[in-house]
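The values are calculated or read from the model by the stated rules, or taken from the named source; none is laboratory data. Quantities reported herein were computed from a predicted structural model and do not represent experimental measurements. Positions of Cβ are backbone-derived with ideal geometry, glycine not excepted, and every protein chain shown enters the neighbour counts.
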Amino acid sequence: MLTLIASTGEYNTTVCIQGPMGVIKIHDLVWCPQDRPDILAIYYWESYAVLEGAYHCCFSIPGKVTLLSS
């Protein structure tokens, strides 16, 4: 289960998402609604893949994605 534990708003936001691999912080998201677990899952798992070395057009920007804890 994923939980949005911090957000600076719905648009142009920085979020922290708690999930099975730890807390991931994502800076400068264009849109992150709190009531869309499907979108939260996409952000979390795509960001985690980037942390593991995968390329993503939006999340591979240096400093965009950080693993805060595992």
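Summary table
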item	result
Selected residue (only one of Ser60, Ser47 is polar (S, T, N, Q), assigned to a loop (DSSP other than H, G, I, E, B) and either modelled with pLDDT of 95 or more or at negative phi (or both))	Ser60
Selected residue (criterion: nearest to His56 (Cα to Cα)) from residues of region 12-42 that are among the β-branched types (Val, Ile, Thr) and part of a strand (DSSP E or B)	Ile26
Long-range neighbours under 6 Å by Cβ, at least six apart or interchain, first residue in contact (Cβ under 8 Å) with a residue 24 or more places away in the chain within region 57-70, second surrounded by 13 or more Cβ atoms within 10 Å (Cβ to Cβ) and of a type in the set (Gly, Ala, Ser)	Phe59/Ser47; Val65/Ser47; Leu67/Gly22; Ser69/Gly22; Ser70/Gly22
Pair list, Cβ under 7 Å, 6 or more apart: region 7-36 residue free of Cβ contacts under 8 Å to residues at least 60 places away in the same chain, other residue among the charged types (D, E, K, R) and outside any strand (DSSP E or B)	Ile26/Lys64; His27/Lys64; Asp28/Lys64; Trp31/Glu10; Cys32/Glu10; Pro33/Glu10
Test set (1) exposed (fewer than 13 other Cβ atoms within 10 Å of the Cβ); (2) closer than 14 Å to Leu2 by Cβ; (3) at pLDDT 95 or above - Gln34 fails condition number	(3)
Complete set of residues in region 11-26 that are surrounded by 15 or more Cβ atoms within 10 Å (Cβ to Cβ) and not small (Gly, Ala, Ser)	Thr13, Thr14, Val15, Cys16, Ile17, Gln18, Met21, Val23, Ile24, Lys25, Ile26
